[in-house]
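The values are calculated or read from the model by the stated rules, or taken from the named source; none is laboratory data. All values derive from a computational prediction rather than experimental measurement. No Cβ is skipped: glycine too gets one built from the backbone with ideal geometry, and neighbour counts run over all protein chains shown.
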Amino acid sequence: GGINLGDYIVVVPIFDSFQGPGEFTISGLGEVPTVDIYLFWGVSPVFDIPGASSVPFVGSGIYTSGNTLYYANVPVANGTISGTIGSSEKGAASTVLYGMTIQKPFAVSPPGPLSIAIQGNTVVLSWPGTATLQAADELTGTWVDIATTSPQNVTPAAGHKFYRLRH
C-alpha cells in the first residue's frame, strides 16, 4: 500500500497519546521531493523531523497556531519521512496527536504567456494572471521590474529591448 499523493491532500485521522520519545515513519509517498505536514495536537507538541523545522501556522477556527504545527517543504527520501514524537524529559507530559495532514506542495505554474501587439506607434504587452513584467537591454543583462499590471504600453526606442514575466 502506501499513500499516493497525486495532487491531493491526505488527511490521517489520529487520536493517540505518546509518552516518548518514539520514532515514526510515514512511507509510500512516492517520488515527491517534499511535502507539507500539518499536525493537529492536543497536549505537549514535541516533534522532530530531520531536515525540517516548523514554521508559523496562521489559521482561525478549529485550527490555530495554538494547536497546529506546520512543517513546510519536509524532505522525502525514497518515499519516506521519519522522525521522533514525544519528549525524553523526565516528568514530561504525553504528546496527544489528534490528526495529521500531508500535502504535496502545489506547483506554481509559470507566468504568461506574454502577448505583444502593435497599436500605431505603441507596443502593447499583456499577460493573464499575476506576474511582474521585467525589461533588459540585453538578453543576458540585468532584468528590472517595470510593471505588475497588464496591459502595459511601451513606446519603442532606438536599439532593442527584451521583456519577460516573473512570479
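Across the stretch 67-81, what is the number of residues that are of a type in the set (S, T, Y), farther than 11 Å from A52 by Cβ and surrounded by fewer than 19 Cβ atoms within 10 Å (Cβ to Cβ)? Total meeting the criteria: 1.
Quick check on this structure: which one of T148, T132 is closer than 30 Å to Y70 by Cα and out of contact with any Gly (no Cβ under 9 Å at 6 or more places or on another chain)? Only one candidate qualifies: T132.
Scanning the stretch 123-142 for residues that are over 20 Å from S109 (Cβ atoms) and either of a type in the set (G, A, S) or surrounded by 13 or more Cβ atoms within 10 Å (Cβ to Cβ) (or both) yields V123, V124, A135, A136, G141.
Out of all the residues in the stretch 43-80, which are over 21 Å from G22 (Cβ atoms) and aromatic (F, W, Y)? F57, Y63, Y70 - these are the residues of the stretch 43-80 that are over 21 Å from G22 (Cβ atoms) and aromatic (F, W, Y). How many residues are under 18 Å from H167 (Cα atoms), part of a loop (DSSP other than H, G, I, E, B) and of a type in the set (A, V, I, L, M, F, W, C) if we restrict to the stretch 135-157? Qualifying residue count, the stretch 135-157: 1. Taking the options A72, A52, name whichever one is hydrophobic (A, V, I, L, M, F, W, C), at pLDDT 80 or above and either outside any strand (DSSP E or B) or in contact with a Gly (Cβ under 8 Å, 6 or more places away or on another chain) (or both). On inspection, the qualifying residue turns out to be A52.
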